[in-house]
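To keep things clear, I will list the structure first and then write my remarks on it.
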Amino acid sequence: MKIVFKAALATTALVAFAGSAQAQTHTSTRIQYANPVVGPTGNVDTPLNFGEAITVAINEGLLALDIGTRYLATSTAANNTEAATPTVANTFTLTGTVSRDCSFYAGNTNAARTIDFGTIGVRTGNNENVNAAFEMAGPATATVQTLTAGCNTNNSVEVSKNDIRGMVNANPGGYDTDEFQANIPYAVTASWTGVGLNAVTTGTQQGFTVPTTGNAGSLQQGAWRSAMEIAFNAPAITDRGLVAGTYSGTTTVTLRAL
């Protein structure tokens, strides 16, 4: 009885040790008894349940009496530090900012932006009918084309004249307002390839005209880049003659990011 008590005590200590280690490590014990065997044989994992502990205690008691034999293998390994994840995925967000910008190449000097009609012809022949004398001999036209224009965001294309009267003679002297005038009205047409505001599509011909009787015009667009043409057309004045002098007017083309 004394020997069996010691075997049982040792087995109880083994079970207690395995139970305390379970929190941080995994311990597996394989026990096999033979010649003779009390209870089931094979693999037994610790911690043992109550039935297994009794079986081990009895067999260990027999071994203490030099009856039978035993095979014992014990392995210990640390548990995972946290729950295992067979699949792990991470999402990376890339961000950056593109500045809003509009471009219009208009030459390298101010001279490139001066449109000089030279002499604006009038009917000066002494054989002209009095009702046609000093009228414009024909229209005055000009075209400006740039190969680089556009904006990289929603934008407004704007055209404005400094004077709704068109080109104006600032020092005309005196004249009969029933027969003469000191201004030359002109229309401005802007055209380019672009898309409508907020549209996401293929670019098409875009444009608008500020008429001779208008002072400004605009058209909102989505981002575009293309060549751009600005056409000026001052139709021939046929109801009044032109007072002599210098005529001038300015037109501003603005590409404005929205």
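Laboratory data are not the source of any read-out in this text; all were calculated from the coordinates shown. No experiment lies behind these values; they were computed from the predicted model shown. Glycine also receives a Cβ, built like all others from the backbone with ideal geometry; neighbour counts cover every protein chain displayed.
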Note to self: Quick one: the Cα spread of the chain along its three principal axes, in angstroms, biggest first?
What the structure shows: 153, 30, 28
Next item on the list: Restrict the search to region 88-133; then list the chymotrypsin sites (Phe, Trp or Tyr not before Pro) that DSSP places in a loop and that have at most 12 other Cβ atoms within 10 Å of their Cβ.
Entry: Phe92, Tyr105
Check: If you plug each phi of region 204-220 into the Karplus form 6.51 cos²θ - 1.76 cosθ + 1.60 with θ = phi - 60°, what whole-Hz ³J(HN,Hα) values come out, in order, with x for Gly and Pro?
Finding: 9, 4, 10, x, 7, 10, 8, x, 4, 9, x, 10, 7, x, 7, 8, 7
Next item on the list: Measure nothing but the geometry: give the 0 to 90° angle between the long axis through the Cα atoms of 50-64 and the longest principal axis through the Cα atoms of the chain, rounded to 10°.
Entry: 40
Notebook entry, point to check: In degrees, nearest 10, range 0 to 90: what is the angle between the Cα axis of helix 2-21 and the longest Cα principal axis of the chain?
Noted result: 0
Next item on the list: Determine the gain in length on full extension of the stretch Ala170-Ile54; use 0.36 nm per residue of separation and subtract their C-alpha separation, reporting nm with one decimal.
Entry: 29.6 nm
Notebook entry, point to check: Taking H as built 1.01 Å from N, whose amide H comes closer than 5 Å to the amide H of Ile237, not counting residues under 5 places away?
Noted result: Met136
Next item on the list: Could I have the simple spin-label model distance between Thr114 and Arg256, label points 7 Å from Cα toward Cβ, reported in nm to one decimal?
Entry: 2.9
Next item on the list: For n ≥ 4 DSSP H runs only, could you compute -39500 (n - 2.57) per run for the chain, divide by its residues and tell me the 222 nm figure to the nearest 500?
Entry: -4500 deg cm²/dmol
Next item on the list: Select from region 61-142 those GluC sites (Glu not before Pro) which occupy a DSSP coil region and have at most 10 other Cβ atoms within 10 Å, ordered by residue number.
Entry: Glu82
Notebook entry, point to check: Relative to the present Cα-Cα distance, how much length would full extension add between Thr153 and Ala78 at 0.36 nm per residue of separation?
Noted result: 21.0 nm
Check: Which residues' amide hydrogens lie under 5 Å from the amide hydrogen of Asp163, considering only partners 5 or more residues apart or on another chain, with H built in the peptide plane?
Finding: Thr250
